[in-house]
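The values are calculated or read from the model by the stated rules, or taken from the named source; none is laboratory data. Please read all numbers here as calculations on a predicted model, not as lab measurements. Glycine gets a Cβ as well: all are built from the backbone with ideal geometry, and neighbour counts include every protein chain shown. The protein model used for the area step is the full one, side chains on, heavy atoms only, and it has no ligands, DNA or RNA in it. Shrake-Rupley method; radii C 1.70, N 1.55, O 1.52, S 1.80 Å.
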Amino acid sequence: MKTNDVFPSKYLKAEDDIFAAGDVSATIKDVTRETLKSREKGEEQKPIMYFKELEKGLVVNKTNWNVCEKLFGSDESDDWLGQRVTLTVME
């Protein structure tokens, strides 16, 4: 059994099988805010990016948000819909 089978997540993780072959390109379908829970911070709202080609969403950190702002020339996430991005796992 793999970790992802035992502890499934609705959000993308570096360990997901889709990254086994390397980078993944996808089209932004939606950017929403969802409440996530952690032991350290309790509940907090985080931006989640969903893609047309993928089932799972990506929890967007500030660095990724800033990259999207620069790539797409807007700090409004609604302007990013339909844009293509390449997801890369960083060590």
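Lys-Lys pairs in the chain that are eight or more residues apart or on separate chains and whose Cα atoms lie under 14 Å of each other come to 10.
Among residues other than Tyr11 with Cβ under 11 Å from its Cβ, the summed charge is +1 (Lys and Arg +1, Asp and Glu -1). Shape analysis of the chain yields a ratio of the Cα radius of gyration to the Kirkwood radius, Rg/Rh, of 0.97. Could you tally the net charge around Lys2, taking each other residue with its Cβ under 14 Å from the Cβ of Lys2, Lys/Arg +1 and Asp/Glu -1? Spelling it out: positives minus negatives among the neighbours equals -3. Cβ-Cβ distance of Arg39 and Asp75, R₀ of 41 Å, FRET efficiency by 1/(1 + (r/R0)^6): the value works out to about 0.85. Thr88 contributes about 70 Å² of solvent-accessible surface, heavy atoms of the protein only, 1.4 Å probe.
One decimal place: the segment Lys2-Lys56 gains 17.7 nm when fully extended, by the rule 0.36 nm per residue minus the C-alpha distance. Taking the protein heavy atoms of the range 1-56 in the context of the full set of protein chains, the accessible area attributed to carbon and sulfur is 49 percent at 1.4 Å.
In the chain, helical runs assigned H by DSSP with n ≥ 4 each contribute -39500 (n - 2.57); averaged across all residues and rounded to the nearest 500, the mean residue ellipticity at 222 nm is -4500 deg cm²/dmol.
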